[in-house]
């Protein structure tokens, strides 16, 4: 039902976890996919996987904490593919210090840079390009932590909450030719979260507190993204689509 043929999609953080599944899903729908992440070799593996399935892709080394790297990614995609009609701002990081008091300025600034500043810069660059062209779609990957923050995750939660605000702002700024929406994942089983999400403690918590009683698999994020970048969502902008197994409606309980 969803045909993205002729579209170029940029996926940041596209080499693993949710980003990888999103990149593969966009490619299956017919989009050319520019896979961007810190490690070029990992991006090349995803690009090769897309090519092996008959799709088109490119790999881009990208440091989301670097403003100049945002500009470079924009230039590379424009020179390679002539621009993009879809931008998936998925790159993120959620390291924690032993406590908020022990959080360093360097760590705080890096979390904000990766999760918030890069989204702003890339949305401004590609959004303006889409406006000059035939339009497009931006999807920001936020977190249920932006509305249900956990202790110790203050910088990350604040950054993701800021990302939700960017969605609303850019939806107004770039409309009507560009639609901007948020997907808000809850607890997913990814490379970064496996030690926690596969633990017995999490399983007990999920069974007690989540309506679906489990964490999500990375492939389960794809449908939400495909919907938002397709014509099925042609009257949807500035929205937040929650994909969290009911985490946002579940009461806060201990394991």
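Taken together, the values in this text are just the output of simple stated rules run on the coordinates, not laboratory data. What you see is a predicted model, and the numbers here were worked out from it, not measured in a lab. Cβ coordinates were reconstructed from backbone atoms using ideal geometry, including for glycine residues, and neighbour counts include every protein chain displayed.
Listed values, structure above:
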item: Expected 222 nm ellipticity per residue - DSSP helices of 4 or more, -39500 (n - 2.57), all of the chain, to 500; result: -13000 deg cm²/dmol
item: Folded to 0 to 90 degrees: helix 40-52 orientation relative to the chain principal axis, Cα; result: 60
item: Paramagnetic reach from residue 177 in the stretch 126-142 [backbone N under 19 Å; point 7 Å along Cα→Cβ]; result: 126-139
item: Sites residue 168 and residue 39, calculated FRET efficiency, Cβ-Cβ separation with R0 35 Å, nearest 0.05; result: 0.60
item: Along each principal axis, Cα extent of the chain, largest first, Å; result: 50, 41, 37
item: Gaussian network model of the chain, Cα within-10 Å springs - most flexible of 186, 223, 13; result: 223
item: Protection proxy ranking of 83-90, 153-160, 130-137 - average other beta-carbon atoms within 10 Å, highest first; result: 83-90, 153-160, 130-137
item: Choice from 168, 143, 37 showing the highest fluctuation, given a GNM over the chain with Cα pairs closer than 10 Å; result: 168
item: Virtual spin-label span in nm between residue 100 and residue 232, 7 Å along Cα→Cβ; result: 4.0
item: Calculated FRET value between residue 128 and residue 80, using beta carbons and R₀ = 22 Å, to 0.05; result: 0.75
item: Förster radius 35 Å - calculated FRET efficiency between residue 68 and residue 212 (Cβ-Cβ, nearest 0.05); result: 0.25
item: Rounded to 10°, Cα long-axis angle of helix 118-132 versus longest principal axis of the chain; result: 30
item: Selected from 72, 117, 179 as most flexible by GNM, with the chain as the system and alpha-carbon contacts under 10 Å; result: 72
item: Segment residue 109-residue 148, extension gain: residue separation times 0.36 nm, minus the distance between their alpha carbons; result: 11.9 nm
item: With Cα atoms, 0 to 90° folded angle of helix 17-28 axis to the chain main axis; result: 30
item: Fraction of beta bridges assigned by DSSP in the chain that are antiparallel (%, nearest 5); result: 0
